[in-house]
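The values are calculated or read from the model by the stated rules, or taken from the named source; none is laboratory data. The shown structure was predicted, so the numbers you read here are calculated from the model rather than taken from an experiment. Heads up, the Cβs are rebuilt from the backbone with ideal geometry, glycines too, and the neighbour counts pull from every protein chain shown. The accessibility values were calculated without ligands, DNA or RNA, using every heavy atom of the protein model including side chains. Shrake-Rupley method; radii C 1.70, N 1.55, O 1.52, S 1.80 Å.
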Amino acid sequence: MSRGERLVRRIRVPLGFVFAAIFLWRARPSMTSLALSLLLVIPGLWLRGYAAGYVKKNAELTQTGPYAYTRNPLYLGSILAAFGFAFASRQWYLVVLLAVLFLVIYGPVILSEERFLRGHFPDFDAYAARVPRLLPRLTAAPTGQSAPVAAFSPERYRKHREYNSVMGAAALYATLLLLMFARMHYGAH
């Protein structure tokens with residue numbers, strides 16, 4: 001792993017917290033924007049949870065479930081949910097800032113993870129030829145000959161603690177509602 005990749009991995013979580021603070025400070029949600037944001041947030045959280053129930057990190061190359069449509073369903077789910085919240089803010093520059101953040105942080109992370117997978121799983125290149133990196137296929141790709149056929153596992157979902165994403169989203173919606181009502185009732189800008 002290069003020095004730049006190590007730096008990106010190290011700053012990705014703290015940078016997320018910085019963005020969240022700026023987001024909460026600058027967000028001006030409305031009931032309409034919050035309701036419409038659910039059109040992205042709910043599918044994003046669902047996709048993350050669904051993917052977490054399939055993946056066996058570093059143990060096997062998961063090629064079934066959502067991994068038959070995109071190689072990165074966890075990141076795609078995160079992107080959907082994050083953009084849902086960004087749209088809820090009604091601040092377009094936050095949407096643009098989030099897009100830049102995802103390109104700068106997740107682009108290198110995805111490429112680094114692909115190098116790891118390519119080095120540990122001999123059928124990764126064949127899988128990568130069938131399944132797109134991020135934007136999903138419309139139909140499931142056929143699995144490789146050596147790919148185990150797996151089903152969604154609630155135990156894996158719990159092991160990966162994906163329920164934390166749902167709780168985090170609920171807390172963020174609660175905070176946005178409180179901010180919105182505080183601004184309405186106390187005139188805070």
For this session: Can you confirm whether the stretch 81-88 contains a residue that is open to solvent by 30 Å² or more (accessible area, probe 1.4 Å) and more than 23 Å from ALA150 (Cβ to Cβ)?
Result: yes
Exercise. Which condition number in (1) more than 29 Å from ARG10 (Cβ to Cβ); (2) touching a helix residue (DSSP H, G or I) at 6+ places or on another chain (Cβ under 6 Å) is the one that ARG130 fails?
Worked result: (2)
Exercise. Any residue at all in the stretch 136-143 that is under 17 Å from the mean Cα position of the chain (by Cα), open to solvent by less than 40 Å² (accessible area, probe 1.4 Å) and either within 22 Å of VAL41 (Cβ to Cβ) or hydroxyl-bearing (Ser, Thr, Tyr) (or both)?
Worked result: no
Exercise. Only one residue in ARG137, ARG71 is out of contact with any Pro (no Cβ under 8 Å at 6 or more places or on another chain) and in contact (Cβ under 8 Å) with a residue 40 or more places away in the chain. Which one?
Worked result: ARG137
Seminar exercise, completed: When ARG71 is run through (1) charged (D, E, K, R); (2) open to solvent by 40 Å² or more (accessible area, probe 1.4 Å); (3) under 18 Å from the mean Cα position of the chain (by Cα), the failure sits at (2)
Exercise. ALA59 is checked against (1) under 26 Å from PRO122 (Cα atoms); (2) surrounded by 14 or more Cβ atoms within 10 Å (Cβ to Cβ); (3) small (Gly, Ala, Ser) and fails just one. What number does that condition carry?
Worked result: (2)
For this session: Inspect the stretch 149-158 for any residue being more than 21 Å from GLY49 (Cβ to Cβ) and more than 22 Å from the chain's Cα centre (by Cα) and give the result as yes or no.
Result: no
For this session: Scan the stretch 18-53 for residues that are out of contact with any Lys or Arg (no Cβ under 6 Å at 6 or more places or on another chain), among the hydroxyl-bearing types (Ser, Thr, Tyr) and open to solvent by less than 20 Å² (accessible area, probe 1.4 Å) and jot them down.
Result: SER37
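Going through LEU177, LEU117 one at a time, which residue ends up being surrounded by 14 or more Cβ atoms within 10 Å (Cβ to Cβ) and at pLDDT 90 or above?
Going through LEU177, LEU117 in turn, just one is surrounded by 14 or more Cβ atoms within 10 Å (Cβ to Cβ) and at pLDDT 90 or above: LEU117.
Filter the stretch 123-135 down to residues that are assigned to a helix (DSSP H, G or I) and open to solvent by 80 Å² or more (accessible area, probe 1.4 Å), then give me how many there are.
2
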Exercise. Restricting the search to the stretch 91-105, which residues are without any contact (Cβ under 8 Å) to a residue 60 or more places away in the chain and surrounded by 14 or more Cβ atoms within 10 Å (Cβ to Cβ)?
Worked result: VAL95, ALA99, PHE102
